[in-house]
Amino acid sequence: MADSKGKIDADAALEDPLPADGSGRGAHDSGVKRNLQARHLQMIALGGTIGTGLFLASGAVIQSAGPLGALIAYVIVGIMVFGVVTSLGEMCTLLPVSGAFGQISSRFVDDALGFTLGINYFLQWAITLPAELSAAGLIMGYWAPNVPSWVWAIVFLIPLVLVNLIGVGGYGETEYWLSFIKVAAIVIFILVGVAVDLGANKELGFIGGKNWNVPGAPIGSSSTYEGSAAGAQFVAILGAFTTAFYSYGGTEIVGVTSGESSNPRKNVPKAIKGTFWRIVLFYFLSILLLGLIIPVTDDTLGSSDITVAPFTRVYQYSGIQYADHIMNAVILVAVISAANSSIYCSSRTMMALSHEGKFPRIFGYVNSRGVPVPAILLTLGIGCLTFLGSIWGNGNVFNFLVNLLGLASLLSWLSINVTHLRFRWGWVYQGNKVSDLPYVAPFFPIPDILSLVIGLFVMAGLIYAAAIAPFDYIYDSSLYLGLPVFVFLYVAYAICGLLGLFGAKYRGFIKYEDMDFVTNRLVELPDYEQKEAEEVDNSFAGKLKRWAKKAVNVLA
C-alpha cells in the first residue's frame with residue numbers, strides 16, 4: 001500500500017479501501033451513492049450557502065455595527081472563508097469520503113479533534129434546521145401574520161425530509177434549482193440596488209453615500225461599552241462577526257458532498273475554483289449596497305421579529321410594484337434551501353461518526369438508496385426545537401440560534417485549517433510532491449495561518465466584549481454554550497480514549513510518518529467518467545439545465 005516513506009500506491013488504494021481505524025467501513029462500502037453530478041456541486045458551491053444569515057440577520061448587523069462596520073466584518077470573514085474552502089478542497093479531493101471533516105482530522109491531527117469536529121459540525125447543521133424553520137415562520141408572517149409559526153414549520157419540514165429520504169440525487173436536484181433561484185435573485189438585487197443608490201427612485205433621488213453620514217454611521221458604537229468612542233466602535237464591529245460567521249456557514253459543504261460526487265477529482269476542484277469571486281459578488285456587494293441604501297435609523301433593520309428583511313426593504317425603496325413580495329418569496333426559497341442542506345449535512349456527518357465507531361452503530365445504517373435514515377430522523381428530532389418559538393417567541397429563538405451557530409462555524413473552520421497544515425506538511429514529509437495532489441490550495445500556508453490568526457483574535461475579542469457587558473442569554477449563547485461544549489467534547493473524548501472507556505481510542509497527535517494518505521483515496525474508474533457523459537437531453541427541461549450550467553460556469 002505504501003513504501004517505507006508512506007508514498008501512495010494507487011493500485012493498493014483500490015484493492016484495500018478499509019480505514020486504518022479498523023472500523024471496517026471505507027468510502028466505497030459506506031453504502032452511500034455517488035450520484036452528485038458536476039452541475040450539482042457547482043451550483044451548491046455557488047449558491048448553497050446563501051441563506052438567512054445574509055438575507056435576514058444582516059439587517060441587525062448593519063444597525064448595530066454601522067454599514068462600514070458590517071462590511072469590515074464580512075470582508076474579514078470572507079478572507080478567512082477563502083482559506084478554509086481551498087484547504088478543505090485539497091484534502092477532500094484526494095480523500096473524498098462522505099462526512100469527511102471528522103475522519104480527516106482524526107487521521108492527520110488526533111482522534112479527539114476528529115470526534116469533536118464531527119459532533120460540532122453535526123450540531124452546527126442540526127441546529128441550523130430549527131433556525132431556518134424559525135426564519136420561515138417569520139417570513140410567512142409577512143403574508144399571514146395570524147398563522148402560528150409552528151404550522152409553517154410542519155408545512156416545510158415534511159417535504160424536505162421526504163426529499164432527503166429519496167436519496168442524494170433528490171437532495172442534489174432540489175438544491176440545484178433552489179440555489180439557482182438564489183443566485184439569480186442576488187444578481188438582480190445587485191442591479192436593482194445600484195440603480196436605487198444612483199437615483200432610480202425619483203422620490204428618494206441620488207443616495208450615494210448619504211446614509212453613511214447619519215448618526216450611528218458609518219461605524220456603530222456599543223451601548224454597553226463605557227470606554228472611549230473608538231473602543232465602543234471596536235466592540236460593535238466584534239459583535240458583527242458572529243452573524244458574519246453564521247452567514248458564511250456552509251461554504252465548506254463541498255467537502256461533505258465529495259463522498260457522494262460521481263467524479264470528485266474533477267468536480268470538487270471545479271466547484272471550489274472561483275470561490276473568492278463568489279464571495280465578493282454575493283456577500284461584499286450585497287452588504288455594501290444594503291448599507292448605502294438603508295439608513296441605520298430605519299427601524300426595520302433591528303426589528304426583533306424580522307417580518308421585513310433588509311433585502312425586501314431595498315425593493316420597497318426601489319418603488320417597483322410587488323417587488324417586496326417577490327423578494328420575500330426568494331428569501332423563503334433561501335430558507336428552504338438552507339434547511340434542505342442542514343438535513344443532508346447533519347445526517348452524513350452523523351453517519352460518518354457512527355462508521356468510525358464514535359457514535360452508536362444504528363446511526364450508521366444506510367438503506368438500499370444510500371440514505372442514512374436513522375441519522376435523518378435524529379436531525380428531524382432536533383428540528384422540532386422550532387416549536388419552542390411558540391413559547392419563547394420566534395424572533396428570540398432565531399437570534400439565539402444565530403449567535404450559537406456563528407461560533408460553531410468558526411470552531412469548525414479553525415479545526416479545518418489546523419488539519420490542512422498538518423495534512424500538507426505530512427504529505428511532503430513522506431516524500432510526496434505537492435504537484436501530485438489532484439487540487440492544490442493556493443498560497444499555502446498563508447491562508448491557513450491568516451485564518452487561524454483572524455479566528456483566534458475575533459474569539460478573544462468576543463470573550464472580552466461579553467465580559468464588559470451585561471449578560472445577555474441570547475447574544476452570548478455562543479460563549480456560554482458553543483465554546484465550552486467544544487472544549488468539553490475534546491477533553492472528554494481524550495480522557496475516555498486514554499482510559500479505554502466507551503470504546504474510545506486516543507493515539508495522541510498523529511506523527512507525520514504515521515499519517516495515512518492511502519485509505520479511502522479514490523482513483524477514478526471509467527464508469528465515473530462515463531456517468532458524466534450522459535446522453536444529451538433535448539427536452540425543454542434539458543435545454544434549461546444546459547443553459548443554467550453555462551450561466552454557472554460563467555460565474556464560477
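Worth a mention:
- Pair list, Cβ < 6 Å and 6+ apart or interchain, from the stretch 286-300 residues that are closer than 13 Å to Tyr74 by Cα and open to solvent by less than 10 Å² (accessible area, probe 1.4 Å) to residues that are part of a helix (DSSP H, G or I) and aromatic (Phe, Trp, Tyr): Ile287/Tyr74
- Qualifying residue in the stretch 7-29 (condition: at pLDDT below 85, open to solvent by 30 Å² or more (accessible area, probe 1.4 Å) and either touching a strand residue (DSSP E or B) at 6+ places or on another chain (Cβ under 8 Å) or part of a strand (DSSP E or B) (or both)): yes
- Matching residues in the stretch 493-509 - criterion: being more than 18 Å from Arg107 (Cα to Cα) and assigned to a loop (DSSP other than H, G, I, E, B): Gly500, Leu501, Phe502
- You will find that of Ala232, Ala244, Ala271, the residue that is farther than 28 Å from Val440 by Cα, open to solvent by less than 40 Å² (accessible area, probe 1.4 Å) and either among the small types (Gly, Ala, Ser) or modelled with pLDDT of 75 or more (or both) is Ala232 and no other.
- Segments classed as helices (runs of 4 or more DSSP H), wholly inside the stretch 35-116, with at least 1 members that are open to solvent by 10 Å² or more (accessible area, probe 1.4 Å) and either over 30 Å from Ile166 (Cα atoms) or of a type in the set (S, T, N, Q) (or both): 58-94, 100-108
- Taking the conditions (1) more than 30 Å from Lys33 (Cα to Cα); (2) at pLDDT below 90 in turn, Leu289 satisfies each one other than (2).
- For the stretch 271-301, the tally of residues that are under 24 Å from the mean Cα position of the chain (by Cα) and outside any helix (DSSP H, G or I) stands at 2.
- Within the stretch 253-268, tally of residues that are farther than 18 Å from Tyr171 by Cα and buried (at least 24 other Cβ atoms within 10 Å of the Cβ): 0
- Residue count for the stretch 130-150, restricted to those that are assigned to a helix (DSSP H, G or I), within 16 Å of Thr312 (Cα to Cα) and either open to solvent by 20 Å² or more (accessible area, probe 1.4 Å) or touching a Pro at 6+ places or on another chain (Cβ under 6 Å) (or both): 1.
- Look at (1) open to solvent by 10 Å² or more (accessible area, probe 1.4 Å); (2) not in a helix (DSSP H, G or I) and you find that Gly250 fails only one, number (1).
- Residue within the stretch 69-80 that is touching an Asp or Glu at 6+ places or on another chain (Cβ under 7 Å) and closer than 30 Å to Asp436 by Cβ present: no
- Exactly one residue out of Phe398, Phe387 is more than 23 Å from the chain's Cα centre (by Cα) and either at pLDDT below 85 or assigned to a helix (DSSP H, G or I) (or both), and it is Phe387.
- Among the candidates Phe189, Phe180, the residue that is of a type outside the set (A, V, I, L, M) and either open to solvent by 30 Å² or more (accessible area, probe 1.4 Å) or without any contact (Cβ under 8 Å) to a residue 60 or more places away in the chain (or both) is uniquely Phe180.
- Top-ranked residue of the stretch 196-208 - restricted to ones that are modelled with pLDDT of 90 or more and open to solvent by 40 Å² or more (accessible area, probe 1.4 Å), ranked as nearest to the chain's Cα centre (by Cα): Leu198
- Residue in the stretch 117-125 that is outside any helix (DSSP H, G or I) and touching a residue at least 60 places away in the same chain (Cβ under 8 Å) present: no
- Residue count for the stretch 510-521 under the criterion of being at pLDDT 90 or above and either part of a helix (DSSP H, G or I) or open to solvent by less than 30 Å² (accessible area, probe 1.4 Å) (or both): the result is 7.
- Test for Leu165: is it within 18 Å of the chain's Cα centre (by Cα), surrounded by fewer than 24 Cβ atoms within 10 Å (Cβ to Cβ) and either closer than 21 Å to Ala352 by Cα or small (Gly, Ala, Ser) (or both): no
The values are calculated or read from the model by the stated rules, or taken from the named source; none is laboratory data. Source: prediction; values computed, not measured. Using ideal geometry, Cβ is built from the backbone for each residue, glycine included, and neighbour counts are taken over all protein chains shown. Side chains included, ligands, DNA and RNA excluded: accessible areas come from the protein's heavy atoms. Shrake-Rupley method; radii C 1.70, N 1.55, O 1.52, S 1.80 Å.
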